[in-house]
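Below is one structure, written out as structure tokens, with a few remarks after it.
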Amino acid sequence: MDALKKELNELINQYGLRHKKVIECSTRLDDVVLPEQIENLKKIEKYKDFKLTRC
């Protein structure tokens with residue numbers, strides 16, 4: 001993932017935000033990040049109703 005982020009930043013610096021290569025690299029990075037974000041959301045949803053109570 002770090003290599004993709006670095007590549008994306010380099011492409012943005014070279015071509016700007018709207019270039020086809022930048023969009024393609026951004027999409028590849030999204031495909032890597034999305035599953036991780038879904039897992040994090042599931043963990044948050046699992047514990048959102050957990051409340052600490054005082055003894």
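The values are calculated or read from the model by the stated rules, or taken from the named source; none is laboratory data. Here the structure is a predicted model, which means the values were calculated and not measured. Backbone-built Cβ (ideal geometry, glycine too); neighbour counts: all protein chains shown.
Number of residues in region 3-27 that are of a type outside the set (D, E, K, R) and out of contact with any helix residue (DSSP H, G or I) (no Cβ under 8 Å at 6 or more places or on another chain): the value is 7. Cβ-Cβ contacts under 6 Å between residues 6 or more apart (or on different chains), taken from a first residue in region 17-38 that is touching a residue at least 12 places away in the same chain (Cβ under 8 Å) and within 15 Å of residue 5 (Cβ to Cβ) to a second residue that is surrounded by fewer than 13 Cβ atoms within 10 Å (Cβ to Cβ) and not charged (D, E, K, R), are listed as 32/1.
Among the residues making up region 21-32, a single one is surrounded by 13 or more Cβ atoms within 10 Å (Cβ to Cβ) and within 9 Å of the chain's Cα centre (by Cα): 29. Looking at region 18-26, can you tell me whether even one residue there is in a loop (DSSP other than H, G, I, E, B), at pLDDT 90 or above and not basic (Lys, Arg)? Yes - at least one qualifying residue is present in region 18-26.
Can you name the residue in region 1-17 that is part of a helix (DSSP H, G or I) and under 12 Å from the mean Cα position of the chain (by Cα) and, of all such residues, is surrounded by the most Cβ atoms within 10 Å (Cβ to Cβ)? Here the answer is 4.
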